[in-house]
Amino acid sequence: MGLSMIGLIAFQLYWIDSLVTANEERFRKDVLDALNNVASKLEKHEAIAAYNKLRILNATPGQEGQGRSKRLMKKRFQPKIEVANQGNQQVFMFFDTVQFGDDLQLVVNFSSETQGLFFQKNQLVEKGLDEQLAKKNIEIKELEEQLARVSKKYELTFDVVNDLMVPGRSLMSRFNPHQLDSLLSIELTYKGIDIEYDYGVIAPRLNRFIMITNERKQEELSSSELKAGLFPNDVFGNDSFIVIDFPEKENFLINKIWSSLASSVFLVFVILFCFGYSIRTIVHQKKISEMKNDFINNMTHELKTPISTVSLAVEALNDKDVENSRLRGKYLKVINDENKRLGEQVEKVLQIAAIDRKDYNLKEEMILMNEIVREAAEHISVQIEQRGGRINLVENAEVDNVIGDRTHLTNIVLNLLDNANKYSPEAPNITLRTEYSDERFNLTVQDKGIGMNKEQQKHIFQKFYRVPTGNRHDVKGFGLGLAYVQNMVEAHGGKIDVDSEPGKGSKFSITLPIAHEA
């Protein structure tokens, strides 16, 4: 059972650890996905903004954007124009190469063929020279206008491309912090992560945060593994990244698996409780079995002794030589005494059985407890004096009116005195004390016997339990007396306590409610 329990608990702990690890990995993956989505959306927004800028510039007359392109280009757009003859057609071509910084060149090549512009050589012969020259001038003028428009589009396109591709731009100029915060919040919420967080944008080359939401969290953010690169598709690369930290991460992860964790812990405690209860029951049953065996042995001894005595007395009476009336009277008295003793032993067993079934009736009446205590002390004083001991009676109870059953109350006191006598080695020294306080009658029976330890005190009111007496085997009884005393005291609305130390004796205290005369 123990090995099985350990195995089950180990399996539960392993399962809990696996669950926590899997939940942490899922959390980490969700956060990284959210950060990568934010970086991707920032890049898309930048491209969309550039596209919109291009549309606006193309749709707006004038020279917007040219100034910035002039500053960033190493040379102004000055296309080279060539005229080529293709069959009977004359094609105008213009082209240029522009350098972006030190790492990028843009080659532009336009042809009048793609613009639908061409000239027919034969037309110059067939028609008048003036008319052809005028028409040619008009066509050349239109071509020049088209070339101007193409040049303008080229410069505007170059301006946008320069914004997107030229390295060395300020990172903060490429995104809006409010936009970043909004995207991050949306992505984390979509992933089901709704706890507080701190984040920042780090530029490793500058060795500092260019943006941070909480200055006091720089160390935590610097060491956090939850980060993603910003603008990962830049042509010339970009090593800046966004990093995030969750101060309440542990609580969040525990809350995520709280139901599973609580169920597992509950099952572990159920297993432990069942195991402990089973062991306790087994040990308890073992003790009960031992006590019952002792009870059977003691009862057999207690019943066998009077039966043997009666048997011997009967044999003696049947002897023809015993005709002396004095001897016959002696044997008859022995038979009568042993018969009473046998009856008392049987009555004790029947009493405890009746108490277990709650099958008893109290013949209640007004009783003076000082009188009951005095009679019990007188009854047992002969046995104590025979052992060279003494009994001290101290009657301090000014009020001793109690409603109860005289027989059972007398048996309570006699049982306590009998135990004090049996468990006192050599000459018993017993003190009986009565007191009155707080509407209660108090009775204490104190001896200077062998005493009991704390563990023994827990069991003395159990049926069949007897305090071990070491090498002494002269303490007779069934182990039913104190169980009977406790049940009867509680039946009268009272309470019994014990205070004892090994080698110093025991003190039993009984309290009973005082009855006021009507």
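Which pairs have Cβ atoms under 7 Å, sit 6 or more apart or on different chains, and link a residue in region 341-354 that is over 18 Å from Val310 (Cα atoms) and modelled with pLDDT under 70 to one that is open to solvent by 70 Å² or more (accessible area, probe 1.4 Å) and charged (D, E, K, R)?
As it stands, the answer is Ile352/Lys463, since those pairs meet every condition given.
Out of all the residues in region 5-27, is one or more of a type in the set (S, T, N, Q), more than 30 Å from Gln179 (Cα to Cα), open to solvent by 30 Å² or more (accessible area, probe 1.4 Å) and touching a Ser or Thr at 6+ places or on another chain (Cβ under 8 Å)?
yes
Can you say whether Asp337 is at pLDDT below 85 and either outside any helix (DSSP H, G or I) or farther than 27 Å from Ile391 by Cβ (or both), as far as the supplied structure shows?
For Asp337, the condition - at pLDDT below 85 and either outside any helix (DSSP H, G or I) or farther than 27 Å from Ile391 by Cβ (or both) - is not met.
Suppose we filter Ala420, Ala397 for residues that are of a type in the set (A, V, I, L, M) and under 53 Å from the mean Cα position of the chain (by Cα); which single one remains?
Sole residue among the options that is of a type in the set (A, V, I, L, M) and under 53 Å from the mean Cα position of the chain (by Cα): Ala420.
Report every pair of residues separated by at least 6 positions or lying on different chains whose Cβ atoms are under 6 Å apart, first residue within region 6-24 and within 22 Å of Gly192 (Cα to Cα) and modelled with pLDDT of 85 or more, second part of a helix (DSSP H, G or I) and aliphatic (A, V, I, L, M).
Pairs found: Asn23/Leu253.
Considering Phe231, Phe241, Phe209, Phe246, which residue is over 17 Å from Leu171 (Cα atoms) and hydrophobic (A, V, I, L, M, F, W, C)?
Phe246
What do you reckon, is Leu409 in contact (Cβ under 8 Å) with a residue 24 or more places away in the chain and under 15 Å from Leu482 (Cα atoms)?
yes
Scan Thr434, Thr407 and give me the residue that is under 55 Å from the mean Cα position of the chain (by Cα) and closer than 16 Å to Leu512 by Cα.
Just one listed residue meets the conditions, Thr434.
Tell me the strands (runs of 3 or more DSSP E) entirely within region 402-503 that contain at least 3 residues that are modelled with pLDDT of 85 or more and surrounded by 19 or more Cβ atoms within 10 Å (Cβ to Cβ).
Values: elements: 429-437, 440-446, 495-501.
It comes to 429-437, 440-446.
Please state which of the following conditions Arg205 fails to meet, knowing it meets all the rest: (1) open to solvent by 30 Å² or more (accessible area, probe 1.4 Å); (2) at pLDDT below 85; (3) within 25 Å of Thr21 (Cα to Cα).
(3)
Whether any residue in region 390-398 is open to solvent by 50 Å² or more (accessible area, probe 1.4 Å), more than 20 Å from Met366 (Cβ to Cβ) and touching a helix residue (DSSP H, G or I) at 6+ places or on another chain (Cβ under 9 Å) is what I want to check.
Yes, there is a match, as at least one residue in region 390-398 is open to solvent by 50 Å² or more (accessible area, probe 1.4 Å), more than 20 Å from Met366 (Cβ to Cβ) and touching a helix residue (DSSP H, G or I) at 6+ places or on another chain (Cβ under 9 Å).
The values are calculated or read from the model by the stated rules, or taken from the named source; none is laboratory data. Predicted, not measured: the structure shown is a model, and the values here were computed from it. Positions of Cβ are backbone-derived with ideal geometry, glycine not excepted, and every protein chain shown enters the neighbour counts. Quick note on the areas: whole protein, heavy atoms, side chains included, nothing else; ligands and nucleic acids left out. Shrake-Rupley method; radii C 1.70, N 1.55, O 1.52, S 1.80 Å.
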